[in-house]
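> Take a look at this one; I'll ask things after.
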Amino acid sequence: MKKIGSLFVGALVAMGAVNADAATNWGTRAGSSADLTGAPATRTRENVNYEKYKTRTLTKTYEAKDAADLYYAKPANRSALYKQYQGANSSAATATKVTTRTTRSETLVNKMKRKYYLAHPFFQPLGGKFGSITDLSYGTNSYDFKINQTLPVWNENDAEYQNVLDGIGAKWDATRIAVKEDFSYGITDTIAVLGMAQYEMNEFKFEWDDGSPSEKMDDNNLNLFGLGAQWRFVDNPKWIGMASAYFQHQKDVSNNFLLELKAGYKVARSTIYGLARGWYLDLDANSYGNGISGHGVDGSAALMYIPYQVGDTSAMYVEGGIGVFSVLNEDWTLNVEAIFGNYDWHNQGNIKAAIGWQPNDWFALNLYAKTVFVDSADGKTLDLFWMEPGIKAQAPGGTEFYLDQLTKIGTVDLDNYAEMSVGLQVIFQF
């Protein structure tokens, strides 16, 4: 951990939380419960734009050439059927051009194949079928901050109380590799139920601008599971609509309740749609944010913590956006989606693009990328808390005490907030 004077030491563990990421189905990422904890779990189901069966009936008439010009080998014993040819081939018939025309007709039935596009944002498995979306993703989240220390701590080197961290800058940097599975079953063609689970491998870092060693930690665990239901309440040649509800448990962070509504208009080979989502987060503690924990020189637990919110045991997130899903050709699809949301302590706009390949009716690959293009976190001031029992602080009135519990020692000013993710979804319906 960043030293205050000569006493604060490294060997830190990290925890953190960032805003919801509906596009990639992650929950409260790197959530930390410090009892002063994380962000929401989200779900996006990859759904289907499909062609209805079409049946076309055609009647075609075929004309034969003049009988006089027909070429064929006469049988030894001609029946009455062939007498017309005999007469037509006689010299008299040839001279007077007596001909016989024959016609035939047949009915053709052409059935157009129905293709269910598994990467469609309205996908759910058909009745009696299972659906599987395995999402492998890589994501980063970072921001710069500058410390404004207001609570002085004892500096043994100078034998006085000082704001030794005041003015120091640093960067919070989190990287994540996640594997998420959504497994669903179609009760009917319009109603489906699903279960989900996610395993994450995280690395969290505080990188100090003054040249001090970076503080970092790895955190790998199965951190999310949940259940949900989907209802495609309308699907006709022009319109499609879906309502979904999910419950998710984010380990050591929160229980999340998510409602989602989507509605789209079909035009040519595309579906233009709008969406709205809302989360209610029941936090395990009364705060959530980013932090790094470890041990002081005396072996006691130490913690640096930047909370997004303090004092509430719940939070609300809402977001809305528009998107378009297009069938480029029989096997390739494109999906572009723009989202703007309020995530409790900040607002954010992000855009996601995905290209899908589906060679048949039961398997698809969907490659996507998402990035933030605007975020109100830049310029915000958040509190800074510190805990290290071996460090002594001095209150404004002169009272001395040790930082044996999380104590506010100042604030941080945020800048250069950034977030991005890329991933590959492997989708089956069987």
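The values are calculated or read from the model by the stated rules, or taken from the named source; none is laboratory data. This structure is a prediction, so every number in the text was calculated from the model and none was measured. Every residue, glycine among them, receives a Cβ derived from its backbone with ideal geometry; neighbour counts consider all protein chains shown. Calculation scope for accessible area: heavy atoms of the full protein, side chains included, ligands and nucleic acids excluded. Shrake-Rupley method; radii C 1.70, N 1.55, O 1.52, S 1.80 Å.
> When each pair of different Cα atoms in the range 325-379 is counted once in the 1/r mean, what is the Kirkwood radius in angstroms, to one decimal?
For the range 325-379, inverting the mean 1/r across all distinct Cα pairs yields 13.0 Å.
> Another question, then. Once the Cβ-Cβ distance between Asn220 and Lys146 is put in as r, and R0 is 41 Å, what FRET efficiency do you end up with, to the nearest 0.05?
After rounding, the FRET efficiency stands at 0.85.
> Could you order Leu365, Leu403 so the one with the most accessible surface comes first? Probe is 1.4 Å.
Of Leu365, Leu403, the descending order of accessible area is Leu365, Leu403.
> Just to verify a number: what accessible area does Leu259 come out at with the full protein assembly present, 1.4 Å probe, Å² rounded to tens?
120
> Contour minus end-to-end for Ile272 and Ala301, with contour as 0.36 nm per residue of separation and end-to-end as the Cα-Cα distance?
5.1 nm
> Applying 1/(1 + (r/R0)^6) with R0 = 25 Å to the Cβ-Cβ distance of Phe340 and Tyr138, what FRET efficiency is obtained, to the nearest 0.05?
Once rounded, the FRET efficiency stands at 0.55.
> Might you tell me the accessible area per residue for the range 305-397, computed with a 1.4 Å probe and given in Å²?
With all protein chains present, the range 305-397 gives 42 Å² per residue.
> Now, a different point. On full extension of the chain, what length is gained from Phe428 through Ser326, given 0.36 nm per residue of separation minus the C-alpha to C-alpha distance?
34.8 nm
> So how far, in whole Å, is the C-alpha centre of the range 148-200 from the one of the range 212-281?
20
> Also, I was wondering about something else. Across the Cα atoms of the range 120-261, what radius of gyration and what greatest pairwise Cα-Cα distance (Dmax) are found, in Å?
In order Rg, Dmax, the Cα atoms of the range 120-261 give 23.4, 79 Å.
> Now, a different point. Relative to 2.2 N^0.38 Å, what does the C-alpha radius of gyration of the range 212-264 come to as a ratio? Two decimals please.
Dividing the Cα radius of gyration by 2.2 N^0.38 Å gives 1.86.
> If I stretch the segment between Asp312 and Asn236 completely, what's the gain in nm (0.36 nm per residue apart, minus their alpha carbon distance), one decimal?
Taking Asp312 through Asn236 to full extension adds about 22.9 nm, to one decimal.
> Here's something else I'd like to know. Structure shown: which of Lys180/Lys266; Lys216/Lys370; Lys238/Lys352; Lys146/Lys251; Lys180/Lys216; Lys146/Lys171 lie over 20 Å apart, alpha-carbon to alpha-carbon?
Listed pairs above 20 Å: Lys180/Lys266; Lys216/Lys370; Lys238/Lys352; Lys146/Lys251; Lys180/Lys216.
> For Lys251, Lys266, what's the largest-to-smallest order of accessible area, 1.4 Å probe?
My answer, sorted largest first, is Lys251, Lys266.
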